[in-house]
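Worksheet: one structure, shown below.
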Amino acid sequence: IQSGDRDEQQRLLENLASLRENWFRFEPAATTYQTLLTFAGDDLEEIEYLKGIIRNYQDLEELQAAIEFQRRLASKYEQTLQPQLIPSLTLAIARNYRGLDSLTEAQTYYSATYSGALSQGQTNVASDALQDLADLYLEDEQLEDVLYLYEQRLTVERLSYNGYGLM
């Protein structure tokens, strides 16, 4: 790309990133999205480029790299006053830490997801966080903690009037 027009360069890089992603060339796509971060003219573009990077690192199963950019995205959501998007993101971070066997970090993010989601009325995300955390404790045979988490999950399901979840 040798054009002096910054907008044209950005458009071409966006097309290149999209093509690479569609061709399952996730590593070059992630790199292209990282380059696009330097072109981001506003928060919306930066958020879209961060999502692109995260998607490609997830597809590559490079969870540590995905976590780094997920944290940046969470900060961007805080800055742009979009707290409703954070619980789903912190749940994804927790799951990535679990995939890396970083169980302490996973537990921290599951707990943050639960409290953040519940405070925003996102009972489905709160329930998912509790279920994942219970699964984690079940693997470690911490049965008292599992029982407590299931009781909490029932409370969340009652709050959301979720008959299926209550079963």
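The values are calculated or read from the model by the stated rules, or taken from the named source; none is laboratory data. Not measured: the values here are computed from a predicted model. Because the Cβ atoms are built from the backbone with ideal geometry, glycine has one as well, and the counts that use them run over all protein chains shown. The protein model used for the area step is the full one, side chains on, heavy atoms only, and it has no ligands, DNA or RNA in it. Shrake-Rupley method; radii C 1.70, N 1.55, O 1.52, S 1.80 Å.
Between Asp42 and Asn15, the modelled labels are 2.3 nm apart [label points 7 Å from Cα along Cα→Cβ]. On the basis of the beta-carbon distance and an R0 of 35 Å, Gln142 and Ser75 show a calculated FRET efficiency of 0.65. Relative to the Cα centre, the charge distribution of the chain, modelled as +1 at Lys and Arg Cβ and -1 at Asp and Glu Cβ, gives a dipole magnitude of about 360 debye. The heavy atoms of Arg20 present about 70 square angstrom of accessible area, all protein chains included, probe 1.4 Å.
In the stretch 53-98, the C-alpha radius of gyration followed by the widest Cα-Cα span (Dmax) gives 10.3, 30 angstrom.
With protein chains left intact and a 1.4 Å probe, residues in the stretch 30-127 average 48 Å² of accessible area per residue. Please sort through the DSSP H helices of the chain and keep those with an alpha-carbon extent of at least 20 Å along the long axis and a Kyte-Doolittle average not below 0.0. Flagged H segments are 123-139.
Measuring only protein heavy atoms, the 1.4 Å probe finds Tyr137 accessible over about 40 Å². Is the stretch 51-165 rounded, prolate or oblate when judged by the Cα gyration tensor, a ≥ b ≥ c being the square roots of its eigenvalues, rounded requiring a/c under 1.5 and prolate requiring a/b larger than b/c? Because a/c hits 1.5 or more and a/b fails to exceed b/c, the stretch 51-165 counts as oblate.
Volume per residue, Å³, of the convex hull around the alpha-carbon atoms of the stretch 5-105?
Once divided by residue count, the hull of the stretch 5-105 is 86 Å³.
The solvent-accessible area of Asp135, taken with every protein chain present and a 1.4 Å probe, is close to 50 Å². Extension gain for Leu60-Thr104 works out to 13.5 nm (0.36 nm per residue, less the C-alpha to C-alpha distance). Compare Gln107, Gln70, Gln79 in a GNM of the chain, Cα atoms joined below 10 Å, and give the one with the largest fluctuation. Taking springs between Cα atoms under 10 Å, the residue moving most is Gln79.
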